Each structure stands twice: as structure tokens, then as C-alpha cells.
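The structure appears right after this line, and notes come after that.
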Amino acid sequence: MKLPRRQVLTGAIGVGAGAVAGAGATYAAAHAGTDERPEPDAVPFHGVHQAGVVDAAPKHSTMVSLDVLADDRDGLRELFTTLTARARFLTAGGTPPDPGIAAPPHDSGVLGPDVPPDRLTITVGVGASLFDHRYGLATRKPVRLSPMRTFPNDAPDPAWCHGDVSVQFCAPNADTVIHALRDVARHTRGLAQIRWRMDGFRSPPRPSGTPRNLMGFKDGTSNPDRTDAREMDRRIWLSAGKATGQAAGEPSWTAGGSYQVVRLIRMRLEFWDRISTSEQEKLIGRRRDTGAPLDGSGEFDTPKYAEDPVGSAIPLTSHIRRANPRTAKSDPSLLLRRPYNYDRGVDAVGDLDMGLLFVCYQRDLARQFEAVQTRLVDEPLVDYITPFGGGYFFTLPGVRDAHDTYGRTLLA
Amino acid sequence: MRVRALVGIGAVVLLAACDSTPKARSETTVEVSRAVCGSGWSDPHGGTQVFRVHNVGTNTAEVELVDPATGAVYAEVDGVAPGTTRPMQVRLGRGRYAFKCLPEDTDALTGSTVTVRDGPARGAPAVVPVGEQDLRDAVTTYRAYVTRSFGPLRRDVAALEREVRSGDRAAARRAWLTAHLDYERLGAAYGTFGDLADAIDRLPAGLPDGAHDKDFTGFHRIEYGLWHGESMTALRGPAGRLRTDVGTLVGGFDREQTDPNDLPLRAHEILEATLEFELTGAADQGSGSTLATARANVDGTRAVLSALRPVLTGRYRGLSGADASLDTLAKLLDAQHSGGTWTPVADLSRAERERLDGATGDALERLAPIAALAEVRRTR
């Protein structure tokens, strides 16, 4: 249960300088002296931005897409108020009240009588469908938000696509994630219904550097520096006020938010395991063992594409080269990936049903995710992967303080 | 209503967590025995706190924290064995409190009244406990409802047998639905009618040969045959058996006791089964009428609520919310019924299905507290 210090520190940084010391601190404060962990056990809930975006991804997550059932705008407001109250409590921890003889227990008890914060983060986003006729929000839609496109190599299953609201739960322990999901689902019963859900897990560094995905390759090496607040403001967060480069034209309520793309990508791992290491490496563009680009020796070496115009070292069609050609023209498409692995059993032919719960954040869907994905169309790797679900969402601005709620600026 | 309560929860946590010396302030050990009840609570304060209830006597005891004026219960711990200590968590507002001890085999004993003069104005809600006597009228009302429903049930089960014997499949299917809904409206969930309930309304699950098992009887057996092209002659046996079983049920009902505790449980258990078997479609043996069953189950739930209403009024503030939620659910289900046919669950659009499942979940959350607060408790 004790966390590596690295995770604790990067998590705290990720929330940003604007974060208000909120309820999240109180559990740790109250337990100081009795708790052997000196590090804060809670990720602050209140802040300009939501947690769970630029902070380091802990080991476990679940991504749920909700459809809102509320009849009207007041019902939607009730949903966001409830989500806020539950997230505020769950991320801060505490003792759930005992209802006496008046009701069944308030809490599932999965985490014991006192709910520890366990560095839980809850991240709420809204999908394009929330801005339809139901809640009178059509004119409030983030201008770049649309239903997720179907790309040429996608095989979308409608049961696993889209949704009015996305809620991502992340924590170092799976029971914390499940406890929070059950709590939120129970308290929003009747206001929203789960449309689809995917659990994710993240591997530790093997043996070092960026964690590996289920193909055995390090995944996420070339992410922008998420501890660099200016870089995040430039690429990930929408800002307030006047024309701000590529985020121009966005309604002012979106300030502090970010576009979230969720892609459920099945990997054909049995097939993958039947091809040679060198073929795998050419498909990806990196060494499987070290994660180094095929023209380098260390994971974080920068590929020298200019010196390799025909792709003799790193094939022009390799995944990393298509995704991020590292040119002045491609630089604006850089986005922040925060992927998890998923595992949902076995398919109809007895193959393992596993893959990537891909999540990424950006200021502009077209300029960033869609530009990258367009470059990846028909990459040779598509034979081994099948994107079948997910959606586009807009991660709401952070909940500023104890009086604020998710979506306050949206519904104002 | 739920949301307001939730916001309150957040505030409680903050208050409790901000307390710099939580242990010193919020834990009080009190002793109980046949002779004393709640001694040791000498420095009362409001707010969230834990009583460590220590049984120093020789009898296992139930211990409650009550409002001495009304007997309303704020918190309870069950079955505190001699020599053991059990935590009782409660949030106290300003007011008067007393511990009440109910040791096994001896009379209840109420300790001295303690007055809380600080902390929040109002604490956790208290509920006046329900005694067996309180539920007697409710049980009578509910049994009268069931008895009144027996007439149509017998008549319609007899009509079903007639139509099966006539060999008219379409007519038999119509008669089957009518009779089945009569039965489902009774709110027979989780063993209300004992073994007969199995014979009358079981599903093939759990039988070694499933739908072809010799012990598969009742409504769903006939449904399976009517909608799977079995010969009408082959269904005469099951239809006759159903008529006999329903006759036995009706004939014996007067002699069957209804456990008063069953009724509050039924408030949510009927729809728990609806969600599990009807709204999933698992109960469907071919007729595609599980939404009709669900609608009948709403009526069954309403009958339970109506019987319990005198007990719940004043005890359950969420009652009108539960009523409204059932109304919403009934309306959504009715929208799937036209010209004598019901939409099979599999034909619902995704949005319709989410709406129905969500409305059922909402009703269940609002009905569940009834089972807790109307449970029969010892009061003396």
C-alpha cells in the first residue's frame, strides 16, 4: 500500500500550481502522527484543472461512459452536484456516516469502515451528445467537440462507443477504484446509466523507463513533459479569455478543461507473438528490449529522421515515425497520452481479449489526435490492432473550491 | 432528497477530519449490563462520534441510542456478547439522549438521560422502531389484497387450461399472459409462497435438463411450450398441474402465516427480482412478455407500499419520492404496451432500455430503506 515516492511527487505536481489545498488534505492532516506514511495520501480534489489528466497514472483505472437520464437541466445539475459531492468525499477519504436503523449502510465497506483516499482521482468529461436538444446546451458546446470519427482501420461496436459523460477513476489499488465506481453509480442511480466501462491496469517499468504495453513495447516515451506547466498550458489545457492561439473561439466556460480521447484498441496478441522480434520492431520503430528508437541506443534518444530520409533505420511506415515525425509541421499535433492496458477475458476463438485503453488529452481534437490518427491510417501495425470503441469527451474545468461543482461554468 | 443528504455527508467528514484531537473528543466508552445501561457518558458533546459499547454483564444485549421522549432510535448495535466491545458511530445534534439496553431473556432497561448542548443543531435522523404489533395491520391489509386477487387468478388459470385443451394456440397464448400477470401482481418474490411458488412460477434454471426437465412446471413451462411449437396436447398436463397448484395455494393461504418481517423486505425485493430476471430478459421462455411481468411487479410493489403506508408515514421521508419513482417506472413500462402486445426486451432501443433500467434502479434505491427502518424491533 505504501507508494513509491516518485509517484507521490509527480502526482502532486501534476495538479498544478493553482490547486487549492482542499478537503483532500484533511484526511492526511487528521491522521498525521498516527499514520506511518508521511507523504500525502490524497491527490487534491480542488483546483483549476481536474486531477487524473497530467498527473502520473497510478496502477489501476476504470473508464466509464454514462448516458444521462435526467429529464431536464435541473436534473443534469443534480447529477453534476452529486458527482462533485461524491468525488470530493472519495478523494479526501473519511468515515461514511452510519444511517442508524433508517437505511442500509451508506458505504459498500470494500475499503473498511474508514475510507482512505488512496490517491484516488476522478476525472469527469462530457460528450457531444450531452449538447443535443435535451438540456438546452447546444450553444454551449466546446467548438471542437464532436462524436468520435470512424477511421479507416476502425471496427466500431456501437455498444462500446460514445456517451454523454465520461468518468475516469484512477488509484494505486484496484479496490479503491471499484469502491469509488460503486459509490458513484449508487448515488447517481436514476440520473445516469452506465453505457460502457473498461478497466485498465498499468505495468511497472520493466526494468526501467516507460511502462510496457501488452505488445511488450514501452508505450508513451515521447510524451510532452507533463510536469512542465507551460508546456501543458500550450498543448493540453484550454485557457481563459481572448484569442489564445489554436483554442480560439471556445466558449469561456471551457477554460481549464481539455479534450479527452478514449480509444478501446484490441490487440491481436497471439498473432503478434508469432512474428519475429525484428518485424515487431520495424512495425513500432523502437527496440523491444530497451525502447530505444531503431537508430539510437537509449529509450529517450531522439530519432534522427532527417538523417534517414528513406527509412532504412526507422521505416517511414513505422508507428512512431507516422505518429510523430518530429517536424516543425507535426509539432503542433503533439498530445499527452495516459494509456492503460485492458483485459476482458477471452474471445470467440479462444484468443485473449486484451489491448489498450488508450486515453489522451489535447487542446484541439483536429489538430492533435485526429492529425496523428490520420497519419497512422493504414500503418502496417493495423494488422495487429482493432480499435472498436471509445469516444471523444471534453474534460471539464477543475472544481475550484468547496462551493464549486463540476460543470458550474457550463450550466451557468 | 438524496443529493441534499449527500452534501451533508461531505460536511460531516470535514468537521470530523478537521478535529485536531479526534480520538480524545469522539470516542466514549459506555458500559451495559442487566443493571446499568450506558454508564460512562459523562461529558456529552455534539457532532460525529463513536461510542464503544462494552457489555460488562452476563447476557448478550442489543443496545440502542434513543430519544427518551419518543423512543426513536438514532443508532443501534446488535448482539453485543458479554465481555465484548462494539463501536457505535453516530452524529449527535443538540438534544436529549439515552441508551436503551435490551438484554436477552430480560426486560429492556433505559439509562439516564444525557443532554447535548453543543455541536450541530440537528444530528442523524432517528426512527421510531417498528414493533410486531405495528406491522399486524399492514400484514392484514396485504393479505386481503392477495386474497382479493385469488379470484381472478383461479378464474384465469382455469381459462388457460380450457384454451390449451381447445387446441387454439393463439387463444391459449392470450390466456397465458392474463393468468401469468394475475400471479405476478401478487408480488410473490423470494419464497413468499414457499415450495408452491416454485411449482407455479419457476424458471428452468437449476434443473438438470433445463426447459426439458420433468420437474419444470408452472407458467413458464407452459410458456415454453406455447412459444416453441410444442403440441397443444402435450401442454394439457402442465396446464392441469398449474390449475391444481394454484388451487392448493389459494386453499391453503388462510392457514399460511405471513411473517411480518417479510413485508418490509418485499418493498424492494419484488423489483430486485424484476431487474435480475425480467429486465434482462432472462425469464423469457418465448413470449417476450417480461416487460408485462415487470409492470405487474410494479403493481405488486405498490400493494406492499400501500399496506405499509401507515407504518412508513412519519418514519420515512423518502416515501413520496419512492411513490413518484414507481409512477415513472410504470409509465415507461406502459409505453411499451400497445394493442395487447408488449415490446420484448431485446427489441428496446438502447435509450429506452437505459431509461427503464435506470428508473428501476432509482426506485430500488428509494425502496431499500423501507426494509431497514420497518424491520421489526424489540421495544421492551
>> Please compute, for peptide A:84-90, the average count of beta-carbon atoms on other protein chains lying within 10 Å of each residue's beta-carbon.
In response: 4
>> How long are the semi-axes of the equivalent ellipsoid of segment B:64-134, taking √(5λ) for every eigenvalue λ of the Cα gyration tensor, in whole Å from largest down?
In response: 22, 15, 11
> Rounded to the nearest 500, what is the protein assembly as shown's calculated 222 nm mean residue ellipticity when only DSSP H runs of at least 4 contribute -39500 (n - 2.57) each, over all residues?
Replying inline: -10500 deg cm²/dmol
>> In segment A:373-393, whose amide N lies under 15 Å from the spot 7 Å out along Cα-to-Cβ of A:K329? List them in ranges.
In response: A:374-376
>> Give me the dipole magnitude in Debye, nearest 20, for the protein assembly as shown about the Cα centre, with unit charges on the beta carbon: positive for Lys and Arg, negative for Asp and Glu.
In response: 1820
>> For the pair A:D132/A:R197, report the inter-label distance in nm, with labels modelled 7 Å from Cα in the Cβ direction.
In response: 2.3
>> Which log10 I(q)/I(0) values does the protein assembly as shown give at q = 0.07, 0.08, 0.10 Å⁻¹ under the Debye formula, counting every alpha carbon as one identical point scatterer?
In response: -0.66, -0.83, -1.14
> For B:R94 and B:T29, what does the FRET efficiency come to when R0 = 25 Å and r is the distance between their Cβ atoms, rounded to the nearest 0.05?
Replying inline: 0.65
> Going from the alpha-carbon gyration tensor of segment A:176-232, what semi-axes, largest first and in whole Å, does one get by taking the root of 5 times each eigenvalue?
Replying inline: 32, 17, 11
> So what is the diffusion coefficient of segment B:200-261 in µm² per second by Stokes-Einstein at 20 °C and 1.002 mPa s, using a Kirkwood Rh over Cα pairs?
Replying inline: 166
>> Taking each residue in A:185-195, count the Cβ atoms of any other chain within 10 Å of its Cβ, then average. What number comes out?
In response: 6
> Remind me, relative contact order of chain A in percent, using alpha carbon pairs under 8 angstrom and six or more residues apart?
Replying inline: 23
> Roughly how crowded by other chains is peptide B:343-356, in terms of the mean Cβ count from those chains within 10 Å of each of its Cβ atoms?
Replying inline: 2
>> Given segment B:132-373, report the % of alpha carbon pairs whose separation exceeds 25 Å.
In response: 42
>> What FRET efficiency comes out for B:T313 versus A:A366 if R0 is 60 angstrom and r is the Cβ-Cβ distance? Round to the nearest 0.05.
In response: 0.55
> For segment B:247-365, what mean projected area does the convex hull of the alpha carbons give, in nm²?
Replying inline: 8.8
> Along the three principal axes, how long is segment B:26-116 when you take its alpha carbons, biggest first, rounded to the nearest angstrom?
Replying inline: 33, 25, 19
> What is the mean projected area of the alpha carbon convex hull for segment B:119-222, to one decimal in square nanometres?
Replying inline: 11.4
> Where does the Debye-calculated log10 I(q)/I(0) of chain A sit at q = 0.11, 0.13 Å⁻¹, using only Cα point scatterers of equal weight, no solvent?
Replying inline: -0.82, -1.15
> Near B:N261, within a Cβ-to-Cβ distance under 11 Å, what is the net charge of the other residues, with Lys and Arg +1 and Asp and Glu -1?
Replying inline: -2
> For B:T84 and B:T110, what does the FRET efficiency come to when R0 = 30 Å and r is the distance between their Cβ atoms, rounded to the nearest 0.05?
Replying inline: 0.90
> Using a basic spin-label model with each label point 7 Å from the Cα along Cα→Cβ, how many nm lie between A:D175 and A:R288?
Replying inline: 3.7
> Quick one: A:I314, A:I275, fewest Cβ neighbours within 10 Å first, how do they rank?
Replying inline: A:I275, A:I314
>> Compute the helix-to-body angle for B:319-334: its Cα long axis versus the longest principal axis of chain B, expressed 0 to 90° and rounded to tens.
In response: 20
>> Starting from 0.36 nm per residue, how many nanometres of slack lie between B:E276 and B:E230 once their C-alpha separation is accounted for?
In response: 13.8 nm
> Can you sort A:F300, A:F80 so the residue with the fewest Cβ neighbours within 10 Å comes first?
Replying inline: A:F300, A:F80
>> Sort A:222-232, A:154-164 by the packing proxy (mean of other Cβ within 10 Å over each peptide's residues), most packed first.
In response: A:154-164, A:222-232
> How large is ³J(HN,Hα) for each residue in segment A:151-158, as worked out from phi by the Karplus curve 6.51 cos²θ - 1.76 cosθ + 1.60 (θ = phi - 60°), to whole Hz, x for Gly and Pro?
Replying inline: 8, x, 9, 7, 10, x, 9, x
>> Given 10 °C and 1.306 mPa s, compute D for segment A:73-199 with the Stokes-Einstein relation, Rh being the Kirkwood radius over Cα pairs; round to the nearest whole µm²/s.
In response: 96
>> If I model a spin label as a point 7 Å beyond the Cα along the Cα-Cβ vector, how far apart are those points for B:A205 and A:E279 in nm?
In response: 4.5
>> Among B:F150, B:F193, B:P204, whose Cα projects farthest towards the positive end of the dipole of segment B:104-263, with charges put on the beta-carbon of Lys, Arg (+1) and Asp, Glu (-1)?
In response: B:F150
>> Can you tell me the length gained on complete extension of the stretch A:E270 to A:D353, counting 0.36 nm per residue apart and subtracting the Cα distance?
In response: 28.9 nm
>> Nearest 10 degrees is fine. How inclined is helix B:236-252 to the longest principal axis of chain B, computing both from alpha carbons?
In response: 40
> When a footprinting reagent is the concern and you count Cβ atoms within 10 Å, what order do A:D118, A:D331, B:D156 take, fewest first?
Replying inline: A:D331, B:D156, A:D118
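Read-outs: derived from the displayed coordinates by stated rules, not from any lab. Since the structure is predicted, the reported quantities are computational estimates derived from the model, not experimental observations. Positions of Cβ are generated from backbone atoms using ideal geometry, with glycine treated the same way; all protein chains shown enter the neighbour counts.
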